[in-house]
Amino acid sequence: IDVSDWSSYRGGPQRQSASPVPIADQVRLLWQRRPKASDAASAPVTACGLVFWSGPDGVVYAVEVESGRVVWRACTGGGVHFPPEVWCGRVYVGSADGCVYCFDAASGQQQP
């Protein structure tokens, strides 16, 4: 994980909502996604050049940071009400079906 990653809710396990990376003076919108009105998405997290989020439909998304292109999507057995966590190249998601899912961050393949 790179120092510029925001790999968990509020930036890390300490939940400090702070980053050591300075914000550029000039910023621009690269892309945006709007969830369906009925599907309130979780807060996004970012690592490995991807942005991850999930929602009450149980779908986990991974999109490219630069383009917003969907790289993969994976389904859980229930709604997801909290942001994913990324650690050591894996994405962890707790689902309302009572299970925790682990996906490979690059491919979306479910891990044991």
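The values are calculated or read from the model by the stated rules, or taken from the named source; none is laboratory data. Quantities reported herein were computed from a predicted structural model and do not represent experimental measurements. Don't worry about glycine lacking a Cβ; one is built from the backbone with ideal geometry, like all the others, and counts go over all protein chains shown. For accessibility, only protein heavy atoms count, side chains too; no ligands or nucleic acids. Shrake-Rupley method; radii C 1.70, N 1.55, O 1.52, S 1.80 Å.
Data overview
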{"quantity": "Ser67 vs. criteria in a loop (DSSP other than H, G, I, E, B) and surrounded by 18 or more Cβ atoms within 10 Å (Cβ to Cβ)", "calculated": "no"}
{"quantity": "Matching residues in the stretch 87-112 - criterion: being assigned to a loop (DSSP other than H, G, I, E, B), open to solvent by 20 Å² or more (accessible area, probe 1.4 Å) and small (Gly, Ala, Ser)", "calculated": "Gly89, Ala96, Gly98, Ala106, Ser107"}
{"quantity": "Hits in the stretch 42-62 (condition: in contact with a Pro (Cβ under 6 Å, 6 or more places away or on another chain) and under 11 Å from Asp5 (Cα atoms))", "calculated": "Val45, Val51"}
{"quantity": "Meets criteria (touching a Ser or Thr at 6+ places or on another chain (Cβ under 8 Å), modelled with pLDDT under 90 and surrounded by 11 or more Cβ atoms within 10 Å (Cβ to Cβ)) for Trp6", "calculated": "yes"}
{"quantity": "Test: residue in the stretch 71-86 that is closer than 17 Å to Asp5 by Cα, part of a strand (DSSP E or B) and either in contact with a Leu (Cβ under 9 Å, 6 or more places away or on another chain) or open to solvent by 50 Å² or more (accessible area, probe 1.4 Å) (or both)", "calculated": "yes"}
{"quantity": "Given (1) of a type in the set (Val, Ile, Thr); (2) in contact with a Cys (Cβ under 7 Å, 6 or more places away or on another chain); (3) farther than 15 Å from Tyr101 by Cβ, index of the condition Val71 fails", "calculated": "(2)"}
